[in-house]
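K.L.:
Let me give you the structure first, and then I'll get to my questions.
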Amino acid sequence: MAEKRANNPFYHLQVGSPLELQQSGAHREGSVTLIGQNDLSVQLAKAEVTSPFDQKKPVRLKYWDKQGIYYCQAEIARVSGLLNQEIELSIISRPVAMQRRRSFRLSQKIAVWFEVVDAIHGGLPPGKVFESETRDISGTGLSFETEAPLQVMDELRVSFQVSNKKKLDSFATVVTSEKVEKYTNLIGVEFHGLLPEVQKQLMEFLHEISPEETQEQ
């Protein structure tokens with residue numbers, strides 16, 4: 001198995017696996033139809049008379065499984081099919097994995113601000129800052145309630161208050177979105193790209209506020 005993984009960075013992809021292609025604000029869902037060593041064939045879920053992708057520019061490929069979320073860059077080798085649903089991709093970067101890790105979480109209300117960096121399904125203004133309170137927080141993510149219609153796989157920039165004078169910042173991906181009231185969603189996000197110093201400060205803060213009230217995620 002280890003040898004298979006070393007030789008094939010896409011070992012966690014299978015024919016039929018869901019994924020998403022992104023390019024300059026265009027986001028299209030699809031599924032894998034063929035897997036090669038450095039290329040993929042994809043069937044888009046939505047048929048369109050005109051392809052939303054510029055074949056001269058790279059696209060970002062996002063896919064996921066129970067262990068994590070993965071990103072890589074690809075070039076469009078070919079767009080075909082009656083309604084541009086069949087796309088052949090040449091992979092130009094190895095996948096970057098954002099693993100789902102186990103960590104303790106604390107039920108704690110902390111001021112949190114977020115802005116949308118990349119909305120998977122559109123409809124959210126980039127750059128607008130929303131404010132909320134955390135429901136719980138851990139070393140790998142947090143949850144909060146908001147009226148913003150966030151969806152799984154949306155990319156955010158979050159800031160949260162750890163003292164009267166200090167905020168910590170991170171990029172985060174929405175991993176759960178649950179409607180709890182008519183206009184309110186409970187959102188769970190997972191951090192990525194945390195700098196080591198920020199990670200250290202976060203863990204110190206978590207142990208400081210409640211070192212005993214922890215539970216396994």
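K.L.:
Taking the stretch 125-164 only, how many residues are touching an Asp or Glu at 6+ places or on another chain (Cβ under 8 Å), at negative phi, surrounded by fewer than 20 Cβ atoms within 10 Å (Cβ to Cβ) and not in a strand (DSSP E or B)?
P.N.:
Within the stretch 125-164, residues that are touching an Asp or Glu at 6+ places or on another chain (Cβ under 8 Å), at negative phi, surrounded by fewer than 20 Cβ atoms within 10 Å (Cβ to Cβ) and not in a strand (DSSP E or B) number 2.
K.L.:
Within the stretch 126-139, identify whether any single residue is of a type in the set (Phe, Trp, Tyr), in contact with a Ser or Thr (Cβ under 8 Å, 6 or more places away or on another chain) and closer than 27 Å to Gln201 by Cβ, and answer yes or no.
P.N.:
Scanning the stretch 126-139, I find at least one residue that is of a type in the set (Phe, Trp, Tyr), in contact with a Ser or Thr (Cβ under 8 Å, 6 or more places away or on another chain) and closer than 27 Å to Gln201 by Cβ, so the answer is yes.
K.L.:
Also: Determine whether Leu61 is closer than 25 Å to Val175 by Cα and at pLDDT below 90.
P.N.:
yes
K.L.:
Tell me which residues, restricted to the stretch 79-96, are in contact (Cβ under 8 Å) with a residue 12 or more places away in the chain, within 20 Å of Asn38 (Cα to Cα) and either hydroxyl-bearing (Ser, Thr, Tyr) or not in a strand (DSSP E or B) (or both).
P.N.:
Ser90, Ile92, Ser93, Arg94, Pro95
K.L.:
Quick one: which residue in Lys182, Lys200, Lys167 is among the basic types (Lys, Arg), out of contact with any helix residue (DSSP H, G or I) (no Cβ under 6 Å at 6 or more places or on another chain), at pLDDT below 85 and loosely packed, with under 15 Cβ neighbours inside 10 Å?
P.N.:
Result: Lys182 is the single residue among Lys182, Lys200, Lys167 that is among the basic types (Lys, Arg), out of contact with any helix residue (DSSP H, G or I) (no Cβ under 6 Å at 6 or more places or on another chain), at pLDDT below 85 and loosely packed, with under 15 Cβ neighbours inside 10 Å.
K.L.:
Any idea how many residues of the stretch 18-58 are among the small types (Gly, Ala, Ser), over 15 Å from Ala74 (Cβ atoms) and either in the same structural domain as Ala119 (by TED's automatic domain parsing) or at pLDDT 90 or above (or both)?
P.N.:
Number satisfying all stated conditions: 2.
K.L.:
Could I ask something else about it? Give just the number: which of (1) outside the structural domain of Phe160 (by TED's automatic domain parsing); (2) of a type outside the set (A, V, I, L, M); (3) at pLDDT below 90 does Gln85 not satisfy?
P.N.:
(3)
The values are calculated or read from the model by the stated rules, or taken from the named source; none is laboratory data. None of the values given here were measured: they were computed from a predicted structure. As a convention, Cβ positions derive from the backbone with ideal geometry for all residues, glycine included, and neighbour counts pool all protein chains shown.
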